[in-house]
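Please read the structure below before turning to the comments.
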Amino acid sequence: MIRHIIAAIATLLALWAMYFMYQLDVKAERFKQIQEVIRKSQQEVHLKPTVQPIQQAPATSAAEEAKKQEDETAKKLKSLRERAGSTMAFKVSPLYKQKCSSCHGVNGEGIIGPKLIGMSEEKVYQALEDFKSGKRKNYVMYGLLTKMSDEELKSLSQEIGTFAQKMEAASK
(Lines give C-alpha, C1' and ligand atoms only; values in the text may rest on other atoms or scores of the structure.)
Protein backbone atom coordinates (compact mmCIF):
# COMPACT_ATOMS: atom_id res chain seq x y z
CA MET A 1 0.00 0.00 0.00
CA ILE A 2 2.77 2.44 0.92
CA ARG A 3 4.59 1.62 -2.33
CA HIS A 4 1.49 2.58 -4.29
CA ILE A 5 1.18 5.86 -2.41
CA ILE A 6 4.86 6.63 -2.96
CA ALA A 7 4.55 5.73 -6.64
CA ALA A 8 1.47 7.96 -6.97
CA ILE A 9 3.24 10.87 -5.28
CA ALA A 10 6.32 10.38 -7.44
CA THR A 11 4.15 10.27 -10.56
CA LEU A 12 2.36 13.46 -9.53
CA LEU A 13 5.71 15.14 -8.91
CA ALA A 14 6.95 14.01 -12.31
CA LEU A 15 3.79 15.33 -13.98
CA TRP A 16 4.14 18.63 -12.15
CA ALA A 17 7.76 18.90 -13.23
CA MET A 18 6.81 18.19 -16.85
CA TYR A 19 4.16 20.93 -16.68
CA PHE A 20 6.69 23.32 -15.14
CA MET A 21 9.20 22.61 -17.93
CA TYR A 22 6.46 23.12 -20.51
CA GLN A 23 5.64 26.51 -18.97
CA LEU A 24 9.32 27.47 -19.12
CA ASP A 25 9.44 26.48 -22.80
CA VAL A 26 6.38 28.66 -23.45
CA LYS A 27 7.98 31.64 -21.68
CA ALA A 28 11.26 31.17 -23.52
CA GLU A 29 9.42 31.05 -26.84
CA ARG A 30 7.49 34.19 -25.88
CA PHE A 31 10.77 36.00 -25.14
CA LYS A 32 12.13 34.91 -28.51
CA GLN A 33 9.04 36.30 -30.23
CA ILE A 34 9.33 39.58 -28.33
CA GLN A 35 12.98 39.87 -29.27
CA GLU A 36 12.12 39.22 -32.93
CA VAL A 37 9.39 41.89 -32.89
CA ILE A 38 11.81 44.37 -31.32
CA ARG A 39 14.46 43.54 -33.89
CA LYS A 40 12.00 44.00 -36.78
CA SER A 41 10.59 47.24 -35.43
CA GLN A 42 13.89 49.00 -34.84
CA GLN A 43 14.24 52.06 -37.03
CA GLU A 44 16.85 54.74 -36.96
CA VAL A 45 15.38 58.24 -36.86
CA HIS A 46 17.38 61.23 -38.06
CA LEU A 47 16.23 64.57 -36.72
CA LYS A 48 17.71 67.89 -37.72
CA PRO A 49 18.19 70.03 -34.65
CA THR A 50 16.71 73.48 -34.99
CA VAL A 51 17.93 75.25 -31.87
CA GLN A 52 20.10 73.71 -29.23
CA PRO A 53 19.67 75.06 -25.70
CA ILE A 54 22.83 76.04 -23.86
CA GLN A 55 24.41 73.28 -21.72
CA GLN A 56 21.94 70.65 -22.85
CA ALA A 57 22.81 67.12 -21.87
CA PRO A 58 24.00 65.15 -24.88
CA ALA A 59 21.01 63.51 -26.55
CA THR A 60 21.10 59.81 -27.12
CA SER A 61 20.38 58.70 -30.62
CA ALA A 62 17.63 56.34 -31.56
CA ALA A 63 20.28 53.75 -32.40
CA GLU A 64 21.74 54.03 -28.90
CA GLU A 65 18.29 53.70 -27.36
CA ALA A 66 17.57 50.68 -29.52
CA LYS A 67 20.92 49.17 -28.50
CA LYS A 68 20.10 49.71 -24.82
CA GLN A 69 16.70 48.08 -25.29
CA GLU A 70 18.27 45.16 -27.15
CA ASP A 71 20.84 44.72 -24.36
CA GLU A 72 18.08 44.70 -21.73
CA THR A 73 16.14 42.11 -23.72
CA ALA A 74 19.27 39.99 -24.09
CA LYS A 75 19.87 40.17 -20.32
CA LYS A 76 16.29 39.10 -19.65
CA LEU A 77 16.59 36.19 -22.09
CA LYS A 78 19.88 35.11 -20.52
CA SER A 79 18.32 35.23 -17.06
CA LEU A 80 15.35 33.18 -18.23
CA ARG A 81 17.63 30.60 -19.86
CA GLU A 82 19.65 30.27 -16.66
CA ARG A 83 16.51 29.85 -14.55
CA ALA A 84 15.11 27.35 -17.04
CA GLY A 85 18.23 25.20 -16.94
CA SER A 86 19.55 25.70 -20.46
CA THR A 87 16.12 25.14 -21.94
CA MET A 88 17.11 25.95 -25.45
CA ALA A 89 20.59 24.44 -25.60
CA PHE A 90 19.47 21.89 -28.22
CA LYS A 91 16.31 20.19 -29.43
CA VAL A 92 15.12 16.93 -27.92
CA SER A 93 12.44 14.53 -29.07
CA PRO A 94 8.86 14.75 -27.80
CA LEU A 95 9.34 11.30 -26.23
CA TYR A 96 12.31 12.53 -24.19
CA LYS A 97 10.45 15.70 -23.18
CA GLN A 98 7.42 13.67 -22.10
CA LYS A 99 9.17 10.86 -20.27
CA CYS A 100 12.54 12.19 -19.07
CA SER A 101 12.88 15.97 -18.99
CA SER A 102 10.90 16.59 -15.81
CA CYS A 103 13.49 14.73 -13.70
CA HIS A 104 16.64 14.71 -15.85
CA GLY A 105 16.31 18.22 -17.33
CA VAL A 106 15.44 19.37 -20.82
CA ASN A 107 18.95 18.63 -22.04
CA GLY A 108 19.86 15.85 -19.60
CA GLU A 109 21.68 18.13 -17.16
CA GLY A 110 19.86 16.60 -14.18
CA ILE A 111 17.24 18.10 -11.86
CA ILE A 112 15.70 15.54 -9.54
CA GLY A 113 17.21 12.63 -11.41
CA PRO A 114 20.90 12.21 -12.24
CA LYS A 115 22.75 13.94 -15.05
CA LEU A 116 22.51 12.04 -18.36
CA ILE A 117 24.90 14.10 -20.52
CA GLY A 118 28.00 12.10 -21.32
CA MET A 119 26.45 8.66 -20.81
CA SER A 120 26.91 6.19 -23.65
CA GLU A 121 23.99 4.76 -25.57
CA GLU A 122 24.75 1.26 -24.27
CA LYS A 123 24.92 2.36 -20.64
CA VAL A 124 21.63 4.25 -20.91
CA TYR A 125 19.90 1.32 -22.62
CA GLN A 126 21.13 -1.12 -19.96
CA ALA A 127 19.90 1.19 -17.18
CA LEU A 128 16.49 1.54 -18.84
CA GLU A 129 16.23 -2.23 -19.23
CA ASP A 130 17.19 -2.74 -15.57
CA PHE A 131 14.59 -0.24 -14.35
CA LYS A 132 11.90 -1.74 -16.59
CA SER A 133 12.61 -5.28 -15.45
CA GLY A 134 12.76 -4.27 -11.78
CA LYS A 135 16.40 -5.27 -11.46
CA ARG A 136 17.07 -1.68 -10.36
CA LYS A 137 14.49 -0.28 -7.95
CA ASN A 138 12.95 3.09 -8.73
CA TYR A 139 9.17 3.33 -8.75
CA VAL A 140 9.03 6.42 -10.94
CA MET A 141 11.30 4.90 -13.58
CA TYR A 142 9.46 1.59 -13.37
CA GLY A 143 6.12 3.37 -13.81
CA LEU A 144 7.36 5.33 -16.81
CA LEU A 145 9.05 2.41 -18.55
CA THR A 146 6.63 -0.49 -18.07
CA LYS A 147 4.46 0.45 -21.06
CA MET A 148 7.32 1.49 -23.33
CA SER A 149 8.46 -0.78 -26.15
CA ASP A 150 12.05 -1.89 -26.69
CA GLU A 151 12.06 0.28 -29.81
CA GLU A 152 11.22 3.35 -27.72
CA LEU A 153 13.88 2.45 -25.15
CA LYS A 154 16.49 2.12 -27.91
CA SER A 155 15.40 5.42 -29.42
CA LEU A 156 15.72 7.18 -26.06
CA SER A 157 19.12 5.64 -25.36
CA GLN A 158 20.39 6.64 -28.81
CA GLU A 159 19.18 10.20 -28.30
CA ILE A 160 20.62 10.52 -24.78
CA GLY A 161 23.91 9.08 -26.03
CA THR A 162 24.26 12.10 -28.37
CA PHE A 163 23.58 14.77 -25.71
CA ALA A 164 27.27 15.55 -25.07
CA GLN A 165 27.94 16.18 -28.78
CA LYS A 166 24.76 18.25 -29.11
CA MET A 167 25.65 20.37 -26.08
CA GLU A 168 29.17 20.92 -27.43
CA ALA A 169 27.80 21.94 -30.85
CA ALA A 170 25.24 24.28 -29.25
CA SER A 171 27.90 26.05 -27.19
CA LYS A 172 30.01 26.92 -30.27
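If I filter segment 97-105 for residues that are in a helix (DSSP H, G or I) and modelled with pLDDT of 90 or more, do I get at least one hit? Checking segment 97-105: not a single residue is in a helix (DSSP H, G or I) and modelled with pLDDT of 90 or more.
How about segment 106-125: which of its residues are of a type outside the set (Asp, Glu), surrounded by 15 or more Cβ atoms within 10 Å (Cβ to Cβ) and outside any loop (DSSP other than H, G, I, E, B)? Once the filter is applied, which keeps residues that are of a type outside the set (Asp, Glu), surrounded by 15 or more Cβ atoms within 10 Å (Cβ to Cβ) and outside any loop (DSSP other than H, G, I, E, B), segment 106-125 yields Val124, Tyr125. Sub-7 Å Cβ pairs linking a first residue in segment 103-121 that is at negative phi to a second residue that is hydroxyl-bearing (Ser, Thr, Tyr) and modelled with pLDDT of 90 or more, at least 6 apart or interchain, are Glu121/Ser157, ordered by first then second residue.
In segment 62-84, the residues that are over 28 Å from Met21 (Cβ atoms) form Cβ pairs under 8 Å with partners that are modelled with pLDDT of 60 or more and among the hydrophobic types (A, V, I, L, M, F, W, C), at six or more places apart or across chains, as follows: Gln69/Ile38.
On the stretch given as segment 129-156, residues that are surrounded by 15 or more Cβ atoms within 10 Å (Cβ to Cβ), free of Cβ contacts under 8 Å to residues at least 12 places away in the same chain and not in a helix (DSSP H, G or I) total 1.
Of the residues in segment 120-143, not one is modelled with pLDDT of 85 or more, over 12 Å from the mean Cα position of the chain (by Cα) and within 30 Å of Phe31 (Cβ to Cβ).
Being under 20 Å from Val106 (Cβ atoms), surrounded by 12 or more Cβ atoms within 10 Å (Cβ to Cβ) and modelled with pLDDT of 75 or more: is that true of Lys76 here? Spelling it out, it is not the case that Lys76 is under 20 Å from Val106 (Cβ atoms), surrounded by 12 or more Cβ atoms within 10 Å (Cβ to Cβ) and modelled with pLDDT of 75 or more.
Residues in segment 10-31 that are of a type outside the set (A, V, I, L, M, F, W, C), surrounded by fewer than 12 Cβ atoms within 10 Å (Cβ to Cβ) and under 13 Å from the mean Cα position of the chain (by Cα): Tyr19, Gln23.
The values are calculated or read from the model by the stated rules, or taken from the named source; none is laboratory data. The structure presented is a predicted model; accordingly, all values stated were derived computationally and were not measured. Neighbour counts run over all protein chains shown; Cβ positions are idealised from the backbone, glycine included.
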